[in-house]
Structures are given as structure tokens and as C-alpha cells.
């Protein structure tokens, strides 16, 4: 039995959404968070604009990232929205009943990480996992809790090494939809994952430069630094302190373990996003560090 035909695939992020004119027919949006209310162009000029311009062509929007404007769409059946605490990953929100109720779609817009690609593959397969345990793998990768299968770990590594490579993303979706068969799709994933290991080695060397203070591991990475994997560097920072901060190219990425209970979206008043991993401009770093250390100090004092 041949794998199903892929609809048109468009890979995006909350701050880099496609032009509506490039989207064909009925559209489903998967694992794309609503844009923050306080960073970048904001919701109205990004997410809100896309929703308005798509109009009735928007068949379904499925997402699991926290956002205060979810309530605005609570009465619109096209939107299936929850928080990260409710669903650690997007694919587990998709089932055969949802896909069938949505009907045929011409275009899938999905986040370009593993969670988004797994959600797209599951949608194409009618709400069925591309392999047993795929939903669990997506959750393990997206929350960094538990251990993902070697298959998912390899795909995650490939994407982290080549996150701008749209051909690789298409091949990953085809690989998942096609039943994990040998061929050019699998070979491309393996080759890209090998590049990741070199970037992870660079991250391990950088991690030695972390400065730890008040429960925060901080590092500023220069523009001449060899390619490294930021997620790996953040995770290595969390082995040294509760929160890791990587300042790179004018922006800082702040991360903490999913089970830490920290909510940077609320603490820094960002107006939407993943509670335990956010990005802020350099000008807000000092303020953010002060607030995070105060929150950690208050938490420690409350538990003593």
C-alpha cells in the first residue's frame, strides 16, 4: 500500500508566518503558537492578521502553547487550543475524529520542529500515529522529560542541525508518513544528525564558560563562535543551575526544565509562548535576570 499523497506543506513559526496569498485552498495550522503580545510585531499584525485574511479557508488551528487570547477563540470550533501543561506536545491533540470532522485540507502550515512535523504526519495519516509511541516521542522531545526513542532522537538532532533546510523537513514528513522505510529520506536524516554531533561538541566546550549566580547559569556567545546547538547549550546550563540563559546575536534565550514550575511568560509579561523557554531582546536581559533570581529566591525561601 502506497503512502498517502502529501498536501502542500508550509513550515513556519509564530513570528515568521506565511503570506496568505501563498496558501492554497483550505488550510490547517498545527503547533503554531499565537504571537506574543509584547515582543516583535505583536499578535494583531501576525497571528491575528493571518486568521483574519484566511477567513473561512482556515479549517482548523491546533496548538498547545499558553496565550491569554485563547479565550477570544473559545467559541470558534475551528480552534483547538490548550496550554503546555495540558498537552506537552501537539500530536497528542490530534485524533481520527478531529481530522474527519475537519474534512479535506489543501495546505498544512506547521511549526518546523519535531513536534510540528509529527503533528503534520499524524494529520496526513488521518489522526493515526506514524509509528507506535510517536506521540510519546513528540512529548519527550518537546518537554525534555523522559527518553525519546532512537528514531525520534535522530530526527530531532537532524532538525536542530539544519533547522532552515525545508527539503529536510519535507523528507522527514515523507519518512514518517511512508512508514520509516529505508531510502533517501532516512539517509538525509542520518547525515544531518551527524552534523548535529559536531555542533553538540561545540556546545559542550562553550558550556565550560557559563557563569552561575543566584540559580541562573549565564553565557554570552560572540559572533565569531563556531556553529553550536543552542538547545544543547541550554540543557547543559540547566545541569549547572535551575535556569540557563544564552545571549547570542542581540537576543537572549531563557530556559528551565519543564517540571520546574517556572513561567517566564507570566514573570516577564511576554503575552504568550512556552512558559519554560522564551526569547527576549538584549535590552531586557538585566531586568529579566533580576526578576528570575528574585523568583527563585522567593521559591527557595518558601520551601525551606
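The values are calculated or read from the model by the stated rules, or taken from the named source; none is laboratory data. Nothing here was measured: the structure is a model prediction, and the numbers come from that model. Counting neighbours? That spans all protein chains shown, and the Cβs are built from the backbone with ideal geometry, glycine included.
Of the conditions (1) in a strand (DSSP E or B); (2) surrounded by fewer than 18 Cβ atoms within 10 Å (Cβ to Cβ), residue 244 fails just one. Which one is it?
(2) is the only condition that residue 244 fails.
Can you name the number of the only condition in (1) under 18 Å from residue 231 (Cα atoms); (2) in the same structural domain as residue 107 (by TED's automatic domain parsing); (3) assigned to a helix (DSSP H, G or I) that residue 188 fails?
(1)
Quick one: which of 77, 92 is over 16 Å from residue 34 (Cα atoms) and in contact (Cβ under 8 Å) with a residue 12 or more places away in the chain?
On the way: 77 fails: in contact (Cβ under 8 Å) with a residue 12 or more places away in the chain.
From the options 77, 92, the qualifying one is 92.
Checking the structure you have, find out if any residue of region 153-168 is buried (at least 19 other Cβ atoms within 10 Å of the Cβ), in contact with a strand residue (DSSP E or B) (Cβ under 9 Å, 6 or more places away or on another chain) and assigned by TED's automatic domain parsing to the domain that holds residue 118.
Residues of region 153-168 that are buried (at least 19 other Cβ atoms within 10 Å of the Cβ), as a first pass: 155-162, 168.
So of that shortlist, the ones also in contact with a strand residue (DSSP E or B) (Cβ under 9 Å, 6 or more places away or on another chain) come out as none.
There is no residue in region 153-168 that is buried (at least 19 other Cβ atoms within 10 Å of the Cβ), in contact with a strand residue (DSSP E or B) (Cβ under 9 Å, 6 or more places away or on another chain) and assigned by TED's automatic domain parsing to the domain that holds residue 118.
With 148, 202 as the choices, which residue is within 30 Å of residue 260 (Cβ to Cβ), out of contact with any strand residue (DSSP E or B) (no Cβ under 7 Å at 6 or more places or on another chain) and not assigned by TED's automatic domain parsing to the domain that holds residue 113? Spell out how you get there, then give the answer.
Values: 148 fails: not assigned by TED's automatic domain parsing to the domain that holds residue 113.
Unique residue meeting the criteria: 202.
Please determine whether any residue of region 23-34 is in a loop (DSSP other than H, G, I, E, B), free of Cβ contacts under 8 Å to residues at least 24 places away in the same chain and touching a strand residue (DSSP E or B) at 6+ places or on another chain (Cβ under 9 Å). So that I can check it myself, show each step before the final result.
First, pick out the residues of region 23-34 that are in a loop (DSSP other than H, G, I, E, B): 23-26, 31-34.
Filter again for free of Cβ contacts under 8 Å to residues at least 24 places away in the same chain, leaving none.
The answer is no; no qualifying residue exists.
Quick one: in region 7-22, of everything that is over 19 Å from the mean Cα position of the chain (by Cα) and part of a loop (DSSP other than H, G, I, E, B), which residue is surrounded by the most Cβ atoms within 10 Å (Cβ to Cβ)? Full working, then the answer.
Of the residues in region 7-22, the ones over 19 Å from the mean Cα position of the chain (by Cα) are 7-8, 19-22.
Okay, now just the ones that are also part of a loop (DSSP other than H, G, I, E, B), so 7, 19.
Numbers: 7: 19, 19: 9.
By that ranking, first place goes to 7.
Could you list, in sequence order, all residues of region 169-198 that are without any contact (Cβ under 8 Å) to a residue 12 or more places away in the chain and buried (at least 16 other Cβ atoms within 10 Å of the Cβ)?
Correct list: 186 only.
State which residue is surrounded by the fewest Cβ atoms within 10 Å (Cβ to Cβ) when the search covers only region 104-140 and only residues that are without any contact (Cβ under 8 Å) to a residue 24 or more places away in the chain and outside any helix (DSSP H, G or I).
Going through region 104-140, the residues without any contact (Cβ under 8 Å) to a residue 24 or more places away in the chain turn out to be 132-133, 136-137, 140.
Imposing the further condition that a residue be outside any helix (DSSP H, G or I) reduces the set to 132-133.
Details: 132: 9, 133: 13.
Result: 132.
Every residue in region 141-183 that is in a helix (DSSP H, G or I) and out of contact with any helix residue (DSSP H, G or I) (no Cβ under 7 Å at 6 or more places or on another chain), please. Quick ask: steps written out before the conclusion?
Quick first cut of region 141-183, residues in a helix (DSSP H, G or I) only: 141-143, 150-161, 166-177.
Scanning region 141-183 gives 150, 151, 153, 166, 167, 170.
So is residue 209 assigned to a loop (DSSP other than H, G, I, E, B), under 19 Å from the mean Cα position of the chain (by Cα) and without any contact (Cβ under 8 Å) to a residue 40 or more places away in the chain or not?
On the way: assigned to a loop (DSSP other than H, G, I, E, B): yes; under 19 Å from the mean Cα position of the chain (by Cα): no; without any contact (Cβ under 8 Å) to a residue 40 or more places away in the chain: yes.
Spelling it out, it is not the case that residue 209 is assigned to a loop (DSSP other than H, G, I, E, B), under 19 Å from the mean Cα position of the chain (by Cα) and without any contact (Cβ under 8 Å) to a residue 40 or more places away in the chain.
With the structure loaded, tell me whether residue 101 is in a loop (DSSP other than H, G, I, E, B) and either assigned by TED's automatic domain parsing to the domain that holds residue 162 or surrounded by fewer than 20 Cβ atoms within 10 Å (Cβ to Cβ) (or both) or whether it fails that test.
Details: in a loop (DSSP other than H, G, I, E, B): no; either assigned by TED's automatic domain parsing to the domain that holds residue 162 or surrounded by fewer than 20 Cβ atoms within 10 Å (Cβ to Cβ) (or both): yes.
No, not satisfied.
Take the residues in region 277-301 that are touching a residue at least 60 places away in the same chain (Cβ under 8 Å) and surrounded by 15 or more Cβ atoms within 10 Å (Cβ to Cβ); name whichever of them is nearest to residue 65 (Cα to Cα).
Per the stated criteria, the residue is 279.
Of the residues that sit in region 222-241 and are at pLDDT 95 or above and outside any helix (DSSP H, G or I), which one is surrounded by the fewest Cβ atoms within 10 Å (Cβ to Cβ)?
Looking at the filtered set, the residue picked out is 239.
Does residue 41 satisfy the criteria of being in the same structural domain as residue 109 (by TED's automatic domain parsing), closer than 18 Å to residue 15 by Cβ and assigned to a loop (DSSP other than H, G, I, E, B)? Reasoning before the result, please.
Numbers: in the same structural domain as residue 109 (by TED's automatic domain parsing): yes; closer than 18 Å to residue 15 by Cβ: yes; assigned to a loop (DSSP other than H, G, I, E, B): yes.
Considered against the rule, which asks whether it is in the same structural domain as residue 109 (by TED's automatic domain parsing), closer than 18 Å to residue 15 by Cβ and assigned to a loop (DSSP other than H, G, I, E, B), residue 41 comes out as yes.
Yes or no: residue 263 within 23 Å of residue 158 (Cβ to Cβ), surrounded by 15 or more Cβ atoms within 10 Å (Cβ to Cβ) and modelled with pLDDT under 95? Quick ask: steps written out before the conclusion?
Working: within 23 Å of residue 158 (Cβ to Cβ): no; surrounded by 15 or more Cβ atoms within 10 Å (Cβ to Cβ): yes; modelled with pLDDT under 95: yes.
Criteria not met by residue 263.
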